[in-house]
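Below: the structure, in structure tokens.
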Amino acid sequence: MSEVTSSPHVEAEPPAAGPLWEPGDRFRLGFNFAGVALGVVFAWQSALLGLGDPERPGSGLFPLIAGVVLVVFLLIDALRLFVRRRTWTPGTLHLSREAMVVLVAIALYLATVGVLGHALTASAIAVLLLTSLGSRPLFPSVMISLGIGFGSEVLFSALLGLGLPSGLLGIGWSAWM
Amino acid sequence: MDVISSLSGGFEAIFDPVLLATLFVGVLVGSVVGVLPGIGPVGAMAILLPISFTLDPAAGLIMTAGIYLGSQYGGSTSAILVGVPGEASSVVTLLDGYPMAKKGRAGVALAIAAIGSFVAGTLSVLLLTLVARPLSDFATSFSSPEFLLIALFALVALSRLTGGSSIRTFAAVGFGLMLATIGFDAGTGIVRFDMGLSAFVDGIEVTAIAVGMFGIAEILLMAESREDVTRMPKVPFRSLWPTGRDMRVSTGPMIRGGLIGFVLGLLPGPSGVVSSYGSYALERRIAKNKDEFGKGAIQGVAGPEAANNGSSGGAMVPLLILGLPFNAPTALLLAGFTVQGVIPGPLFIDSNPVLFWTLVAGLYAANVALLILNLPLVGMFTSLLKIPRDLLMTLIVVLAIIGTYATRGHLVDVFWLLSMAILGYVFAKLGISRVAVMLAFVIAPTLESSFTQTAVLSGGDIGFVLQRPICQAILGLIVVVLVLPWLTKAAARRRGAVSILQQEVDAS
């Protein structure tokens, strides 16, 4: 079995990602308050569904309890953070480009699969991911991506019988058959 | 005798070619995914779960169980060979497994890990077989108050015993419960929190949460860290055979680890991680060669690996007998059960005995398959670590999307996947337990229905619950779990204070 090393002589290594994103205590506090706001709205909407009575709880009682649990414990965590505000750890705002590309790829799939169908959309996002996450030239990336897109269509739709979208263009196993 | 004949029936059923094939495929796929750092058993099971839906219930569930067991073992392969744990419970295996590999004993470490997993897995399935009937008979006396308190116990225990901030874990539980209430409420027949969107009427599918929070979130963390696989030792096939001395030294840790794993697997929380740490601590304490631990002691691999696999068997007990998952992988198994139209619980053994015992036999057969497949194929598994990072991540993202979409065929599930991926990434950064979110989400329907039924039965009188002996026992356990971490912390502080005092006395 050959060994794999992270050889410095490899050509065209992807650029270094830079420091990781580390949320500091300020972000944590802000996140907690956002969660509290969500919990309060949720609890309010639950109350509107009807709480029923102790003998017959309404459909809003359980979600209300869930919302209250979220609010109470996030507030406790926020209070603990606030108490030690003099020793807050600072955060860094270095959002990784690679991580963003992964999220954009999924969003792109969501936005276009209804039109293009799975095979083409998966190929497109695979090109995006391969070219952004690695140092592969464009042509091999496109070839590999087409393999991933159409290969997954055949494997999952044809062989395993899982329905995948064909889109408005009708490019998919179910449309071909 | 009844148990033996039932189990024999299960083995008879498992020797169907289709079931055996799906079992081997599940174990193989699980091992492959387990080897790849970052994805873990939960992400792997979530992504591959929809494939099992195309099979009949027995085959689908056995395949999912095979993926679960395979990914548990696969994580130890990369931990031993390259010092990168494939999943959380492999961290302990790394402590001595990787030093063994650096000393040229990678093959022995892998073999002991495989044999230990097999021994413990077999032991835990045997224990499951023995306790299934008595526990099931006992559980049939449970009613909604008992199920309500058991579900509460599971969530409280998870929050207190997982490690990290209990406060944030409780908040995560609240969030998970909230997510579960979105959509159609079967109890009242109304739709909750759909925001006027028809796409939200069916609620959120557990696959989207699992794949998003565990699969894609790990990919995001991997993407930003830019880790690369470095040197891998060669593992010739002939080096896979441990010596007689290796086996003698390892046998005790394997059995002890299996028992520890099974018992801890009965409890809520990350039992694989907890049991492997517990086994390591025990073996180190009782070993004559304590100094070797951390430098390649074979007991440091045998015990934790056995405990990890033993916990898988233990975790099946609450799932199959009570219908309640106590950790993330069994939560996904429950999702698989639900989609297949199978309801685990106290009546499972009697209402569907063929499926129950086929599943138990399947767990045993999966352990055999692990042993048969993983040692000869270790070369293939390690070559997977050479897959370029960009290609690996691309494949996982595409697979994750397919797996999530294919569960219900709704594009909204991909929206939830994206949302949960972002949340999972942020939660991981903030140290908020994603397991708590998922477990709360899965347990929420049982919790809500038990709560409602208890309220109706009791007429709103809490004394109705407090007077029931089993409820009293469970409440006692909840109190113990709530208070225990504070007591152990106080005891540790007191021990520390005494020893400092003693040092001062000794010095004076």
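For the segment A:45-51, counting C-beta atoms of other chains within 10 Å of every residue's C-beta and taking the mean gives 2.
Highest mean first, the peptides B:59-65, A:162-168, A:79-85, B:44-50 sorted by other C-beta atoms within 10 Å per residue fall in the order B:44-50, B:59-65, A:162-168, A:79-85. Over chain B, the ratio between the Cα radius of gyration and 2.2 N^0.38 Å evaluates to 0.97.
Evaluated on the stretch B:284-381, the Kirkwood hydrodynamic radius is 16.0 Å, with distances taken between all distinct Cα atoms. The Rg/Rh ratio of the stretch B:6-53, with Rg taken over Cα atoms and Rh as the Kirkwood radius over Cα pairs, comes to 1.10.
Rg ratio for chain A: its Cα radius of gyration over 2.2 N^0.38 Å, N being its residue count, equals 1.56. Distance between the pseudo-spin-label points of residue B:484 and residue B:195 (7 Å out from Cα toward the beta carbon): 4.0 nm.
Arrange the following residues from fewest to most other Cβ atoms within 10 Å of their Cβ: B:11, B:441, B:326, A:27.
Numbers: B:11 15, B:441 24, B:326 28, A:27 18.
Ordered by Cβ neighbours within 10 Å, fewest first: B:11, A:27, B:441, B:326.
Rounded to 0.05, the FRET efficiency of the residue B:225 and residue B:456 pair, given R0 = 60 Å and the Cβ-Cβ distance, is 0.70. Within the protein assembly as shown, all pairs of alpha-carbon atoms sorted by distance into 10 Å bins from zero give the percentages 3, 14, 24, 27, 20, 8, 2, 0, 0.
Relative to the longest principal axis of the Cα atoms of chain A, helix A:138-152 runs at roughly 70 degrees. Only lysines eight or more places from residue B:295 in sequence, or on another chain, were considered; those with a Cα closer than 17 Å are B:102, B:103.
Where a number appears in this text, it was derived from the coordinates with a stated rule and is not lab data. The structure presented is a predicted model; accordingly, all values stated were derived computationally and were not measured. Glycine gets a Cβ as well: all are built from the backbone with ideal geometry, and neighbour counts include every protein chain shown.
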